1. Go through segment 162-177 residue by residue and turn each phi into a ³J(HN,Hα) via Karplus (6.51, -1.76, 1.60, θ = phi - 60°); whole Hz please, and just put x for glycine and proline.
2. Would you pull out the residues with amide H under 5 Å of TYR122's amide H, same chain only if 5 or more places away, H placed 1.01 Å from N?
3. In whole Hz and in residue order, list the ³J(HN,Hα) couplings for segment 384-397 that follow from phi through the Karplus curve 6.51 cos²θ - 1.76 cosθ + 1.60, θ = phi - 60°; x for Gly and Pro.
4. For TRP213, enumerate residues with amide H under 5 Å from its amide H, sequence gap 5+ or separate chain, H modeled in the peptide plane.
5. Going highest first, how would you order 359-367, 153-161 by mean Cβ packing within 10 Å?
6. Pull up all non-local amide H partners of ILE80: gap of 5 or more, or a different chain, and H-to-H distance under 5 Å with H placed in the peptide plane.
7. Counting Lys and Arg as +1 and Asp and Glu as -1, what is the net charge of the other residues whose Cβ lies under 14 Å from the Cβ of THR131?
Amino acid sequence: TVSSLMDGRYFFIPSYQRGYRWNKKQIYDLCNDLLEYVLKERNKHNENGSKGSFYSLQPLIVRKDKYNIAGDIREAYEVIDGQQRLTTIFILYRYLANDIGNGDWNTIYRNYRNRTLYHIYYETRPNDYSTLEKSGFEPLEEKDITNIDIAHIANAYKYIDNWLYNYPEDDHECANATFSLFSDEEYTPKTVKDLLFNLLDNRNTVGSVQFIWYELGGGKDAIKEFLSENKGKIRLTDTEKIKALFMRRSNFVDDSKNLKQLSIAKDWELIENTLHRNGFWSFISKDTHLEDGRINVIFDFIFDSDSVKDSFLKDGDYLFRYYYQKFARIKCAENTANAVDEEWSKVMDCLRMLQNWYYNPKVYNLVGLLVKHGYSVKQIYDIYNAETVMTIDDFIRDLNKEICKRIINGISICIFSEENRYRKQIEKDLKNGII
């Protein structure tokens, strides 16, 4: 049960995992599912006295070991799958407990079975630990939101609040709308808060919320399980599987090289944060509505630039298969580490190239215009890498040439001289009998 996890245990999110990414729809879906479940179970209990079953969350796949948590070696559960749902339950429980305790954690601690909740610690972003620990009980200020993961967590609290307090005429998926389908009572947010808190805290007779708990033995490979056992609502994307390939511990042959693993993880976060600045993203992509997987623009560039790549069709998970085959061919651990280092250098070189273009106002406008007309990063790189381009001025010159050739020359322009205009006016007057 969720309540059995509220014993102060630690969950460790390894560096190969993405951060928290649930959006409004996924949070609304979970909250509505829980509310519908508890209302139905309450109706059954009122009718025949049944104690109800349980609401089953998707699997939480973990491995118990000792990890460095905020500078201390602690026993913790490495989360291999289920991080998004685990974090959302953490957020929802804290939101509900805070409201019931009127913002006073001492009151909550004293009145609700001495709950210490559970803790979530990110290997890549250790500073997020203290922010998470205060979230729900203290307002997250602008200075706390230092990366996109914390921004998503801050938004999650807002989405839950909106779900509770919005009106059905403005928000047809809010709690009020769901409540009215399964209850004849007058809707109040407090009623829903009490129902959900008691459900999560296992304090009533109308069911409980339970994770499917799948704990790996020490001998199993966490990365393989991460790739093969993803059973959550959000299917693993190419981007997440590629990250797992780069971040697997076997790529790094000794403890000193583990620093390289964390370095790649921090670089990955830098790239994601850079690409999620809409000004930068709209400069290199037409798909301005894309939220997740923006880093694929770099992997696509590397894929398109590889002249000796095997025959890959650009369908399905081609980017993952491309990198998987690159690393799978290498049997020696040291050679794998070198290959990972080399491939990651290509990623960072591409980012720096894009940043150089972005911060040059002349290049920025010309590249942005070509992107809006369907040019890929690889096509623009081909102009940049041409033999005729030796300086940035040469690059600007050839960008202008490409724009003239492919865009301006395709625009029909009618030019009338004064003589033609005078002649056409005379012809018009003759036709109308004026002359």
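Throughout, read-outs are computed from the coordinates displayed, never taken from laboratory work. As the structure is a computational prediction, the values presented were derived from the model and not from experiment. Backbone-built Cβ (ideal geometry, glycine too); neighbour counts: all protein chains shown.
1. Listing the rounded values in order: 4, 4, 6, 10, 6, 9, x, 5, 9, 9, 6, 10, 6, 4, 4, 5 Hz.
2. Hits under the 5 Å cutoff: ILE13, TYR129.
3. Ordered by residue, 3J(HN,Hα) equals 4, 8, 5, 4, 6, 9, 10, 10, 5, 5, 4, 4, 4, 4 Hz.
4. The list, which skips near neighbours in sequence, is LEU60.
5. Details: 359-367: 15.3, 153-161: 19.1.
Highest to lowest by the protection proxy: 153-161, 359-367.
6. Amide H neighbours of ILE80, under 5 Å, 5+ apart: ILE61, VAL62, ARG63.
7. On the way: positive: ARG94, ARG125, LYS134, LYS143; negative: ASP128, GLU133, GLU138, GLU141, GLU142, ASP144, ASP149.
In short, -3.
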